[in-house]
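Just so it is clear, none of the values below were taken in a lab; they were calculated from the coordinates. Bear in mind the structure is a predicted one, so any value in this text is a computation, not a measurement. Methodologically, a virtual Cβ is constructed for each residue, glycine included, from the backbone with ideal geometry; neighbour enumeration extends over all protein chains shown.
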Amino acid sequence: MKVFVITEDVNPQMIQNHLDDSMEFHNLPCKTEEEIVDKCQEAECIVTVYEPLTSNVLDKLPNLKYICSAAIGFNNIDVKHAVNNGVFVSNNPFYCIEEVADHTLSLALDLVRKTSLFNRDVKEKKIWDYQAYGNSLLRMSSQVIGLIGFGGIAREVAKRFLGFGCKILAYDPFVKDSVFEDMGVSKATLDEVKENADIISIHLPLNEETDRMINRDFFSSLTKSPFLINCSRGQLIDQSAITDALDNEYIKGIALDVLDDEYPKLEEIDFIEDDRVVITPHVAFFSKSSIDEADYNVADYINKFCKGDIDKIPMVGKPSK
């Protein structure tokens, strides 16, 4: 099989080292549709992260059989069109679960303890004042946690919050009741999360139903002015509604590891300097262990595909024939 790595967000040498010797390997980073079409005519397998594999591109790659996304998300791929063209599509859902869960907790702790603000005060302003933000710090065990989505990452997040003694509500209509019960988490409706949570953490894929799900109506329907955390996909939140939500105290604060654009123009974001906002540069997934694991998984999935072990690959698009 001819394997083309078109992304710069993997370690191509690591992938190549774990591929079967029968593979023909090419490392050809691409950024545009035109580059992909030009460079990948012979590709039977493409490894991608953010590169645009649109219907226009897919129609012009006659030899393509398999798209292997090295990331959890796969919104850069027109999966439906790929499947209609007989192309299999997989993602990489298991490589950074612990890292994202850890990062979610670090953001929650920052929101309730204001760690980064105190650090800034001491280092940049030379202020030594534990009451700089009034009596606004919170005890973590007093917080009711609302999880929107209860997949693998959210379950690891739940374990960590349970360690602090928090009560947890989780909304996910696609998960069996027994999963919630076994973990000591209360299954809830979305309205119950909005009514009762002090901290809401979003753990959803991005699709037509979830796109801008957290919007002005969502913010205005919140009861307790919670903190909001998003380590999933930036487009889950209507970014233009955040400043209004903060100013109207629909939320106390917000922590974001992702923004509307993967390569944002930070100077154009109106809430970038707001002390109620904590932002990290899409780093939740990142560690040496997770990246090594991601690259190994990619090679493993490609090897399995060549052997016909399709059922052992996390397919998100699978042709019927």
Under 20 Å from the Cα of K114, which lysines turn up, not counting those fewer than eight places away in the same chain? K123, K125, K126, K224, K252
With just the Cα atoms defining each centre, how far is segment 150-188 from segment 58-112? Give it in Å. 23
When Cα extents along the principal axes in Å is calculated directly from the model, which label among (i) 64, 47, 34; (ii) 52, 46, 44; (iii) 81, 40, 32 fits? (i)
So between E24 and D191, what do we pick up on full extension, going 0.36 nm a residue minus the alpha carbon distance? 54.9 nm
Any idea how far the Cα center of segment 1-54 sits from the one of segment 256-292, in Å? 27
Take V157, V112, V316 and order them by how many other Cβ atoms sit within 10 Å, fewest up front. V316, V112, V157
Checking the cross-link filter: which lysines have an alpha carbon closer than 21 Å to that of K65, excluding same-chain neighbours under 8 positions apart? K2, K31, K39, K80, K304, K307, K312, K318, K321
What does the C-alpha gyration tensor say about the overall shape of segment 152-288? Classify as rounded when a/c is under 1.5, otherwise prolate if a/b is larger than b/c, or oblate. prolate
Running a GNM on the chain with Cα contacts under 10 Å, which residue among I36, I72, I127 ends up with the highest mean-square fluctuation? I127
Quick one: length gained pulling V37 to N75 fully straight, 0.36 nm per residue minus the C-alpha distance? 11.8 nm
Taking a virtual spin label 7 Å from the Cα of N56 along the C-beta vector, which residues in segment 1-45 bring their backbone nitrogen under 19 Å of it? 30-41
Net charge near F4: determine it from the other residues with C-beta under 10 Å of the C-beta of F4, scoring Lys and Arg +1 and Asp and Glu -1. -1
For the chain, what is the relative contact order in percent, using Cα pairs closer than 8 Å and at least 6 residues apart in sequence? 19
How far, in nm, would the chain grow between K312 and L138 when pulled straight, counting 0.36 nm per residue and subtracting the alpha carbon separation? 58.2 nm
Spacing of the two label points (7 Å from each Cα toward its C-beta) at W128 and Q13, in nm: 4.8
Please give, to one decimal in nm, the separation of the simple spin-label points placed at Y296 and F164, each 7 Å out from Cα toward the Cβ. 3.1
Could you check which residue among Y171, Y130, Y50 shows the biggest mean-square fluctuation in a GNM of the chain with a 10 Å Cα cutoff? Y130
Below 8 Å, C-alpha to C-alpha, sequence gap of six or more: please give me the relative contact order for segment 134-266 in percent. 21
Cut-off 10 angstrom, C-alpha nodes, Gaussian network model of the chain. Which of K307, K31, K159 fluctuates the most? K307
